[in-house]
Amino acid sequence: MKRIGVLTSGGDAPGMNAAVRAVVRKAIYEGLEVVGIFHGYQGLIDGKMEVLDLGSVGDIIQRGGTKLFSARCPEFRTEEGQQKAIEQLKAHGIDGLVVIGGDGSYRGSMKLTESGFPCVGIPGTIDNDIPGTDYTLGFDTALNTVIESIDKIRDTATSHERTFIVEVMGRDAGDLALWAGLAGGAETIIIPEVEINMDEIVERLKSGSERGKKHSIIIVAEGVMSGAEFASKLKDLADIETRVSVLGHIQRGGSPTGRDRVLASLFGAKAVEVLIAGNGGRAIGIQNHQVVDYDMNEAFDNHEEFDMSMYQLSKELSI
Ligand code: F6P
């Protein structure tokens with residue numbers, strides 16, 4: 001292994017830059033050359049890449065977004081697209097690839113590995129929805145962004161004695177909603193993993209207000225329904241007036257937290273070590289405080305049982 005590539009793909013996440021920096025610096029430390037591929041798989045197909053030196057990744061550890069840009073690339077899903085990508089990798093003398101992204105990015109990298117080109121995945125998504133790792137890059141930063149927003153919304157909710165619905169990201173996963181709801185003291189948390197029970201929610205809101213509770217915060221993960229949709233359900237069912245805040249892409253931006261920067265550094269270095277050892281089709285992660293690499297196919301196994309204990313606790317603490 002003499003020259004490796006690195007790209008970021010899919011929805012960006014705070015900490016991606018710190019991971020790129022770690023890949024570049026660790027690889028150079030180990031005597032390799034690194035090529036940065038721009039705009040994810042689309043840039044790979046189009047040959048948009050350049051050699052990254054030590055200085056090129058200076059001053060980015062603290063920056064949100066990704067210096068390499070990101071994209072979702074339908075062309076790469078086709079066999080033709082994948083062949084073009086492999087030709088580009090060969091033409092540029094690249095022997096291994098680090099892909100930083102979420103589920104879709106991992107699936108793309110697995111295709112390359114299956115075609116004989118070794119790839120290693122670093123989990124980068126605010127959704128925290130990659131099986132096999134306790135945390136993904138960006139989750140902690142997004143979590144803190146959501147908590148900060150909830151705290152601010154709570155101020156105005158208290159002043160006006162209102163019920164607020166806060167819609168957070170998470171198409172298929174409720175981690176962000178659940179953790180932020182627990183940390184922000186939300187009264188109700190609605191996530192894709194738990195079936196919604198409108199009667200119970202209305203009952204909790206009503207009994208809270210009978211006990212003198214003046215305001216309430218409801219967190220809705222976008223994968224279940226939009227905040228607006230939920231507001232109209234509450235209005236129709238129980239004539240409850242609400243205000244809705246959609247946090248949107250604010251959740252994907254911002255300077256990465258210390259935890260995300262450290263994780264990014266550990267993950268980036270580990271990815272380089274795995275490639276140097278000649279292994280492809282591996283995913284990097286953290287399990288019980290240990291940085292690990294594991295068969296990427298395990299990251300596609302969505303049958304992990306949802307741990308209800310945290311959800312249950314959020315209910316117990318917000319009566
Ligand atoms: O995958 C991360 C994520 O932030 C999801 O939570 C969200 O549904 C999606 O990306 C939004 O993607 P886009 O920026 O392409 O609209």
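Students often get this wrong, so check it: of Lys152/Lys206; Lys235/Lys315; Lys206/Lys235; Lys67/Lys152; Lys2/Lys111; Lys84/Lys270, which have C-alpha atoms separated by over 20 Å? Provide the component values of the computation, followed by the final result.
Working: Lys152/Lys206 24 Å; Lys235/Lys315 22 Å; Lys206/Lys235 13 Å; Lys67/Lys152 31 Å; Lys2/Lys111 22 Å; Lys84/Lys270 28 Å.
Pairs exceeding 20 Å: Lys152/Lys206; Lys235/Lys315; Lys67/Lys152; Lys2/Lys111; Lys84/Lys270.
Taking 8 Å as the Cα distance limit and 6 or more residues as the minimum spacing, I'd like the relative contact order of the range 139-252 as a percentage. Show your work: numbers first, answer last.
Working: 185 pairs, mean separation 44.7, N = 114.
So the answer I get is 39 percent.
Which one, Ser70, Pro118, Trp179, projects farthest toward the positive side of the charge dipole computed for the chain from Cβ point charges (K/R +1, D/E -1)?
The Cα lying farthest towards the positive end belongs to Ser70.
For the chain, with only Lys/Arg (+1) and Asp/Glu (-1) charged at the beta-carbon, what is the dipole magnitude about the Cα centre, in debye rounded to 20?
Details: 32 positive and 47 negative charges, 212 e Å.
Charge dipole of the chain: 1020 debye, to the nearest 20.
Suppose we flag trypsin sites (Lys or Arg not before Pro) only when DSSP calls them loop and at most 10 other Cβ atoms lie within 10 Å. Which is the longest uninterrupted stretch of the chain? All intermediate terms of the calculation are to be shown ahead of the outcome.
On the way: sites that count: Lys2, Arg211.
Counting at most 10 other Cβ atoms within 10 Å as exposed, the longest clean stretch of the chain is 3-210.
With a 1.4 Å probe and all protein chains kept in place, how much accessible area does Phe306 have, in Å² rounded to the nearest 10?
60 Å²
First compute the accessible area of the chain with a 1.4 Å probe, then give the percent of it belonging to carbon and sulfur atoms. Provide the component values of the computation, followed by the final result.
Working: 6710 of 14220 Å².
About 47 percent, which is the carbon plus sulfur part of the accessible surface.
Hey, got the dipole for the range 1-159? About the Cα centre, +1 on K and R Cβ, -1 on D and E Cβ, debye to the nearest 20? Please list the in-between numbers first.
On the way: 16 positive and 21 negative charges, 56 e Å.
Magnitude of the dipole: close to 260 debye.
Just name one of Ala238, His215, Ile147: the one whose Cα is farthest towards the positive end of the charge dipole of the range 139-252 (beta-carbon charges, Lys/Arg +1, Asp/Glu -1).
His215
Which value, in Å² rounded to 10, gives the accessible area of Phe38 with a 1.4 Å probe and all protein chains present?
40 Å²
So what's the projected area for the chain, the Cα convex hull averaged over all directions, in nm²? Provide the component values of the computation, followed by the final result.
Numbers: hull surface 65.4 nm².
Its average projected convex-hull area is 16.4 nm².
Where in the range 210-319 are there GluC sites (Glu not before Pro) that are in a DSSP coil and have at most 11 other Cβ atoms within 10 angstrom of their Cβ? Walk me through the intermediate numbers first.
Details: sites: Glu210, Glu222, Glu229, Glu241, Glu273, Glu298, Glu304, Glu305, Glu316; in loops: Glu222, Glu241, Glu304, Glu305.
Passing sites in the range 210-319 are Glu241, Glu304, Glu305.
Can you tell me the relative contact order of the range 79-135? Whole percent, Cα pairs under 8 Å, sequence separation 6 or more. Before the final figure, lay out the partial values.
Numbers: 49 pairs, mean separation 18.7, N = 57.
Taking the mean separation of contacting Cα pairs over the length of the range 79-135, I get 33 percent.
Highest GNM mean-square fluctuation, the chain, Cα pairs closer than 10 Å: which of Pro74, Pro118, Pro14?
Looking only at Pro74, Pro118, Pro14, the biggest GNM fluctuation is shown by Pro74.
In the Gaussian network model of the chain, springs joining C-alpha atoms below 10 Å, which of Ala277, Ala177, Ala22 carries the largest mean-square fluctuation?
Most flexible of the set in this elastic network: Ala277.
Rank Ile217, Ile61 by accessible area, highest first, at a 1.4 Å probe radius?
Details: Ile217 0, Ile61 50 Å².
The most accessible residue leads, giving Ile61, Ile217.
The values are calculated or read from the model by the stated rules, or taken from the named source; none is laboratory data. Note that the structure is predicted; figures quoted are calculated from it, not measured. Ideal geometry is used to build each Cβ from the backbone, glycine not excepted, and the neighbour counts take in all protein chains shown. The accessibility values were calculated without ligands, DNA or RNA, using every heavy atom of the protein model including side chains. Shrake-Rupley method; radii C 1.70, N 1.55, O 1.52, S 1.80 Å.
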